[in-house]
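First the structure, in the form of structure tokens, and then the observations on it.
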Amino acid sequence: MFLLFIVCMSAAICYLKDESPHYKEQFPENNVSMSILGNSIHRNTNYSDIIFSPDFEIPLLPPQLLSYSMKRVYKINSLNDTLNITRGLSNYPIVIMFLGLLHEDWKKILPNVSETIDGDYRYYWLN
């Protein structure tokens, strides 16, 4: 029994020795700006909203920002990117989010769209 314990502990130590340097990559230190951005998304969007941004994205990994926002944000370069990503989906509100001021080229595309401003973040609903 003692030998089994030693073998299991040795295996666990060998595994953790290789994995522990990657711990900080998956779980970095707490970042206040992440919580502000994530909480803004959580407050200003609904469960069914699909969010896009030309400024940033929220991927699945690492999960920190996703845990605050509870939503993924897909990075786009143009309005056509939203159409390509949402092809085949209907009745889902599309939100385009900007950090800071609206870019000049987007002002031409989004002149009469519903807007919400939350601090430095701007949300535009396309439908």
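What's the number of the condition M97 fails, among (1) exposed (fewer than 15 other Cβ atoms within 10 Å of the Cβ); (2) assigned to a strand (DSSP E or B)?
That leaves (1) as the condition not met.
Anything in the stretch 100-112 that is surrounded by 13 or more Cβ atoms within 10 Å (Cβ to Cβ) and at pLDDT 85 or above? List them, or say none.
Result: W106, single match.
In the list K71, K75, which residue meets the criterion of being within 30 Å of N30 (Cβ to Cβ) and in contact (Cβ under 8 Å) with a residue 24 or more places away in the chain?
Working: K75 fails: in contact (Cβ under 8 Å) with a residue 24 or more places away in the chain.
Just a single option satisfies the conditions, and that option is K71.
The values are calculated or read from the model by the stated rules, or taken from the named source; none is laboratory data. These numbers were taken from a predicted model, which means no experiment stands behind them. Heads up, the Cβs are rebuilt from the backbone with ideal geometry, glycines too, and the neighbour counts pull from every protein chain shown.
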